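Q: Got a structure for you, written out below as structure tokens; questions coming shortly.
Readers should treat all values here as calculations from the given coordinates under stated rules, not as data from a laboratory. This one's a predicted model, so the numbers in the text were calculated from it and none came from an experiment. Every residue, glycine among them, receives a Cβ derived from its backbone with ideal geometry; neighbour counts consider all protein chains shown.
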Amino acid sequence: MPATREQKEKIVEELAERFRGSEVIVWAEYRGLPTPSLNELRRALRPHKAEFHVVKNTMAELALRRAGLPVPEAMLVGPTAVSTIRDEIAASVRALTEFAAANRELVIKGGQANQRLLSAEEVARLVDLPSRDVLLAQVLGNMRSPVNGLVNVLAGTLRGLVNVLQARARQLEESGA
């Protein structure tokens, strides 16, 4: 039985919400993948806060427009599946690409990160991104370096002043004053 207009509207709205909440969207073409294989991929993505859904191209296009994202028309051709990634981009893309390598029925077409469309090669390069924790540590380290430098400069100035005062105190003691 075909879906009613209300059901389709609900599907489009849920998909738009997924797109809005995603850091990266990966588009794939699937042909002949059995349901157990799709479920295996979904299980592999779940720990990384990523999802994988088979979508109708027209619904995906409507959802992208509602989410305010560009519509990658070249990727919305043929049987389409989409992975929405909210966290751990590298791990999620790694799980997708490894699954695609093992299952020729799944071909990654490309993706998008916010307003930027990505080719299949650019999506594959996302695997090399450091994890969120590593990136945060790098940012904090870079923020801490100038502060440490400032503290060292100020401490050096104070050390110099203390050394001058101590030398003057010794000088006064030696002169008997």
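Q: So how strong a dipole does region 5-129 carry about its Cα centre when Lys and Arg Cβ are +1 and Asp and Glu Cβ are -1, to the nearest 20 debye? Walk me through the numbers before you get to the answer.
A: Details: 19 positive and 18 negative charges, 43 e Å.
So the magnitude is around 200 debye.
Q: Mind telling me which of Gln166, Gln138, Gln112 comes out most flexible in a GNM of the chain, alpha-carbon contacts under 10 Å?
A: Maximum fluctuation in the GNM of the chain, among the listed residues, is at Gln166.
Q: Identify which of Asn114, Asn152, Asn103 has the largest mean-square fluctuation in a Gaussian network model of the chain, with springs joining Cα atoms closer than 10 Å.
A: Sorting by GNM fluctuation, first place goes to Asn152.
Q: Which of rounded, prolate or oblate describes region 1-66 when judged by the alpha-carbon gyration tensor and an a/c cut-off of 1.5? Provide the component values of the computation, followed by the final result.
A: Values: a/c = 1.95, a/b = 1.28, b/c = 1.52.
The shape class here is oblate.
Q: What is the percent of Cα-Cα separations in the chain that go past 29 Å? Display every interim value, and only then the final one.
A: Details: 6289 of 15576 pairs.
In whole percent, the share of Cα-Cα pairs in the chain beyond 29 Å is 40.
Q: Scanning the chain for trypsin sites (Lys or Arg not before Pro) in DSSP loops with at most 12 other Cβ atoms within 10 Å, what's the longest stretch left with none?
A: 105-177
Q: Please build a GNM for the chain, connecting alpha carbons under 10 Å apart, and tell me which residue among Leu76, Leu41, Leu165 fluctuates the most.
A: Per the Cα network of the chain with a 10 Å cutoff, Leu165 tops the list.
Q: If you don't mind, another one. Express the relative contact order of the chain as a whole percentage, based on alpha carbon pairs under 8 Å and six or more residues apart in sequence.
A: Computed over the chain, the figure is 25 percent.
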